[in-house]
Structures are given as structure tokens and as C-alpha cells.
């Protein structure tokens, strides 16, 4: 089971890049008239990429480190929207840099996790908003987080397609 999760975590950067590349030019910052049904945070395609990078580095790197080196630490849940404001997602247009930084960060994550032993994987923490968790559980939550953002990008692609090809009373904004 751990090997499958590690392989999935290792493959995610390429999947994220491919999903982001599928977003049509001019729609990287586009937002839909309604977020009803979004399976991830209410972020544009570019903001999805920035968020995934930041949660990897500021969230999961910290969580894994603390769980491996402290006795039952309390791991913070990160407010995604506050982080986006703090990190200036609305001004950051460098998806290439964010994807590269994420690729490097994820390689570090996979390298760390692939070297752990059964005792390391069983180390426990308290994850705010989730409850008790082990390093193994954090791996699964990270993998789930990845999948939520692929689903979010697919959802946005569906919304973009409708905005481009289905006549409505809501025209596509000029900045899209």
C-alpha cells in the first residue's frame, strides 16, 4: 500500500503540469460565475498550482518533519485563502517557476518518505481539523490533496469549455 502511495505522489508533478497545460491560453486566471460543485478550493487554474506548491512546502514538509522529530505534535491546518492573500497569488503569474519549485519540493518529499521504516511511518501527531494521524496517514492525506486539485482543474476545464462554447446570458469576461 505504501509503495502505491509513494508512486502516486512521485507521479503527481507530471500530472499537475499536464492538467495545467490543458487550460486554454487566456484562462489561467479566469474564474467562473459560480463555484458551486468545485471539488477543491475556489482558485483559478494558476492559483491551484501556486497553492499546491505552497501546501507541499509550508504544509506537508513541516508536518512530516515535526511528526518525525517531535512527540505527538499538534499540526496546523492551513487556511488556504489566507495563505493565498499572504503569498500574493493575485500578483504571481509565474506558473513555470511554481511548477519547477513544486517538482523539486515533491522530489524531496518522496525521497524522505521512501527512506522511512515501519516505526517512522507509525509516528503519531494530532492534525488540527483531522484528529489523530500517523506519518503514513499524512502520506494518504497528501495524496488525497493532490487528487482534489487535479479534480479542481478538471472542473475548471469543464467550466471554461461551457464559457467558451455554450451561449449564455453571462459572456466570457474580456480579461479571460
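Selection of segment 80-125 for residues being surrounded by fewer than 12 Cβ atoms within 10 Å (Cβ to Cβ) and within 13 Å of residue 51 (Cβ to Cβ) yields 82, 85, 86, 88. For segment 64-79, indicate whether the set of residues that are more than 29 Å from residue 2 (Cβ to Cβ) and exposed (fewer than 12 other Cβ atoms within 10 Å of the Cβ) is non-empty. There is at least one residue in segment 64-79 that is more than 29 Å from residue 2 (Cβ to Cβ) and exposed (fewer than 12 other Cβ atoms within 10 Å of the Cβ).
Conditions tested, residue by residue: (1) under 15 Å from the mean Cα position of the chain (by Cα); (2) more than 23 Å from residue 74 (Cα to Cα).
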| site | (1), (2) |
| --- | --- |
| 104 | yes, yes |
| 113 | no, no |
| 117 | no, no |
| 140 | yes, no |
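Quick note: the coordinates plus some simple rules give every number you see, no bench work behind them. Every value quoted in this text rests on a predicted model; they were computed, and no experiment measured them. No Cβ is skipped: glycine too gets one built from the backbone with ideal geometry, and neighbour counts run over all protein chains shown.
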